[in-house]
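A short write-up of the structure that comes next.
The values are calculated or read from the model by the stated rules, or taken from the named source; none is laboratory data. All values reported here derive from a predicted model rather than from experimental measurement. All Cβ positions, even for glycine, are placed from backbone atoms using ideal geometry, and neighbour counts span all protein chains on display. In case anyone asks, the SASA skips ligands and DNA or RNA and just uses the protein heavy atoms, side chains included. Shrake-Rupley method; radii C 1.70, N 1.55, O 1.52, S 1.80 Å.
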Amino acid sequence: MSKGMKKSLLLLPLPIFLIFSLLLPPPTIASLQDEVQHHHPHQLEESFSESLLLRPLPDGRLQSSFHFTIHSNSNSTSHFNLLPRPLVQLVQHSRASEVHLSLNAGRWRYESWGDPVRSFRVEDHGQDGEWTDQELGEDSIASGAELWAILDVEGGEKATSADRRRRNSSSSRTGLAVDDEEGPFTIPSKVYHDWKSLTSSLAGLFCASLDALDQRTTVQPFRAFRRKSLASVPRIDGEGRRRQPERLLHAFLPSESICTENLTPFLKLLPCKGSAGLASLLDPHSLFQAAFHGMAVHVLKKTAPSGAEGGYEVTMSFQAVFSPAVTRDISRRDWSIRSLFGKPLAKSCPLAKESTIRVMRPEEADPGDGGAKATAQEAEETDSKHRHQVEPLPALPPWLETRSKIGSREDASSRIKRDQGEDEDEDEDAADSEWEERNQMIQLEWRQQVERSPDLVYDAKRLSAYNGSLDIQMTWPEELNFEYPKSVRPPPLTASRILTGHGQERGKIHLTLRNNLLTEDQRVIYFEQLPWFVKPYLHTLRVEVRADEFDEEEDGLVRFKDDLTSPVLEKLEYQPSVPRQRPLEIEAEIRLPASSEVHLWMDYDNEFLRYAEHPPDAHRGFDIPPAIVFPLEEPLSRSAKGKTLHPDRPIRARLGLAAGSKGRRKNDHGTQIQKATMKRKASDHDHHVTRGRIKRIYTLPRLVQLATPDFSFCYMAIIFSSTVIALIFGSVLNGMVRRFTDIYI
């Protein structure tokens with residue numbers, strides 16, 4: 001039907017229009033399919049999966065990580081089924097190929113809780129039967145808001161003269177410099193325009209203060225936050241100009257917090273919202289009482305192997321750390337889904353392709369020094385105290401149904417009748433007994449397999465197997481009171497950053513990186529982003545290595561001499577700050593010798609702010625974003641002899657070289673070292689790369705005290721001046737206007 005005919009039909013009276021519409025031939029299914037195929041030549045394929053990780057922590061707390069993933073092959077701006085349209089459309093409008101946003105509150109304790117991301121090998125029980133890697137958790141655990149995005153430089157139209165005048169006028173009002181010409185540290189105007197469009201749209205979508213992110217808080221990382229395949233791409237070419245087709249911009253807002261107004265739009269982006277599925281457990285009253293809680297949204301524009309666009313992948317996560325042993329009158333770490341989230345899982349999401357709950361068994365800490373000297377009775381009492389129970393256990397999976405494995409009663413009856421030739425009643429009884437016996441055998445084998453597995457996996461789509469609702473409980477029957485562990489196995493790498501000094505004019509940055517691996521060196525990227533009013537001096541940078549002491553004969557470890565004498569600061573890239581225009585950025589590649597600490601010190605000065613640049617709570621201080629450490633590749637293996645040092649052995653001293661070492665490492669490779677290394681690699685599978693991106697370790701944000709003026713002085717001066725002027729003006733006016741006359745009484 002042509003457009004002119006449609007317009008004429010709309011002008012006809014209603015009875016004539018109805019008669020004329022009845023005379024027209026109805027559209028056929030083939031014509032509708034042709035129209036859909038014309039607008040969408042590729043078949044739309046979208047899938048939604050959700051998972052929940054429950055991991056007991058060594059200090060009695062519990063980590064819960066919700067993970068929602070949506071895959072789509074659609075590149076359209078409006079043709080979506082499961083993809084959240086408000087989120088994807090703003091990413092398309094800003095010409096971004098990847099966007100990551102996180103909002104967190106609280107402190108993540110790496111020393112006690114370990115890595116927030118856990119990797120699992122998942123078997124596909126379909127036709128292929130392949131094993132895939134599944135990662136649950138989120139690396140972005142920095143307090144406040146963090147946003148980074150990869151924006152297209154070459155895409156889009158060139159900025160017009162009117163756009164330049166508008167941006168220059170806005171930049172002159174804000175005091176920011178936006179340049180159309182490319183340089184080693186400048187952001188092109190169209191890229192910055194897309195960045196501001198992205199921050200403003202995300203601020204409106206998630207009800208956050210992300211619109212405050214401007215050029216004064218935005219940096220362009222050199223190697224940080226890049227994917228593993230792009231980590232070695234140089235930033236500046238031989239002519240000193242940047243020639244990359246896309247820019248990676250990163251910004252921190254450490255003073256931002258997370259609350260219910262951020263969680264509500266988060267739930268609205270899910271296919272089943274918060275009414276069904278695992279998202280129904282996201283109750284703000286329970287989540288925001290946790291010691292640590294945060295949410296993250298990641299949008300990735302996929303690329304097909306041929307180079308064409310391959311759709312989008314949206315990952316949304318929410319994780320919280322509960323304290324069941326602290327929030328009760330009795331110090332017990334028993335927990336259940338009802339006690340954590342206020343209700344059990346009662347309704348599954350019908351749009352989810354997969355919905356799983358994975359419960360990890362607790363990793364009990366070492367008892368301490370008395371482990372070797374403890375008697376058999378004490379060891380048995382300790383084991384019984386730490387023995388836990390999980391109810392209910394995972395139900396029999398669909399691919400292991402009883403009828404598919406042993407057949408039905410009729411099959412068993414016909415087989416017995418054919419083999420033995422007995423009566424029908426006896427055949428029926430024998431078939432029932434055989435069916436029940438095999439059914440019990442499969443149930444017993446499945447229960448034994450579940451009890452031996454390190455984690456329990458529940459299918460949240462089959463709630464009928466759990467009487468309509470799923471309420472997982474983990475209890476310690478023999479544990480009357482939870483005893484906090486004296487020592488916890490440390491992670492392979494720890495990082496901390498503090499600000500030292502006195503006064504409000506200057507201070508010192510102290511960074512500590514510790515390599516807890518006994519026989520392997522590590523290389524990391526140290527990323528520091530400081531606001532413009534904090535000015536560190538590179539000429540004051542000082543590096544020191546403090547190695548652990550060990551006995552060569554007892555521990556079987558020997559250290560190279562050049563491990564400590566060679567420079568550990570291998571590469572340093574620095575972007576200076578511009579007052580009121582651009583923050584400072586430092587990226588350093590550091591080598592960490594095995595079983596040692598690397599300390600970095602750097603002096604800094606604080607700038608004086610103008611009167612109007614101070615926030616309302618100026619005496620509280622200014623939030624400094626956390627530093628980020630990126631481990632690079634696999635650790636460099638070192639050899640040792642004899643036996644290995646226990647990972648939890650305490651540090652005895654800090655020395656340069658081991659006694660008796662002559663700068664050579666013996667060539668005797670102990671088998672126990674190889675076994676320990678293989679065990680570590682099996683448990684921490686590729687622990688330096690998560691979801692194709694280099695892993696991140698965050699330090700704590702800090703407060704810096706700046707020199708603040710006496711804000712009450714101006715008001716006192718105004719009040720005093722007004723009082724004096726009022727007295728003088730009143731006296732003069734009284735003398736000029738008042739008239740004295742004689743009054744006779």
TRP108 - accessible surface, heavy atoms, 1.4 Å probe, Å² rounded to 10:
10
Please compute the length gained on full extension between LYS343 and LYS302, using 0.36 nm multiplied by the number of residues separating them and subtracting their Cα-Cα distance.
11.0 nm
Taking the Cβ-Cβ separation of SER275 and GLN581 as r and a Förster radius of 45 Å, what is the calculated FRET efficiency to the nearest 0.05?
0.45
Could you state how much accessible area ARG438 has, in square angstrom rounded to the nearest 10, with a 1.4 Å probe and all protein chains kept in place?
90
Please give the residues of region 701-729, grouped as numeric ranges, whose backbone N is less than 20 Å from a label point set 7 Å along the Cα-to-Cβ vector of MET736.
722-729
Under 20 Å from the 7 Å Cα→Cβ point of ARG506, by amide nitrogen: which residues of region 699-732?
704-708
Estimated distance in nm for a label pair at VAL122 and GLN43, the labels positioned 7 Å out from Cα along Cα-to-Cβ:
2.3
Under the 7 Å Cα-to-Cβ spin-label approximation, ASP605 and ARG332 lie apart by a distance in nanometres of 6.2
Using a basic spin-label model with each label point 7 Å from the Cα along Cα→Cβ, how many nm lie between CYS207 and ASP710?
4.3
Are any of the pairs LYS190/LYS508; LYS301/LYS461; LYS301/LYS695 more than 32 Å apart by Cα-Cα distance, and if so, which?
LYS190/LYS508
Nearest-0.05 FRET efficiency for ASP133 and GLN449, computed from C-beta distance (R0 25 Å):
0.70
Express in whole angstrom the spacing between the alpha-carbon centres of region 572-595 and region 249-296.
32
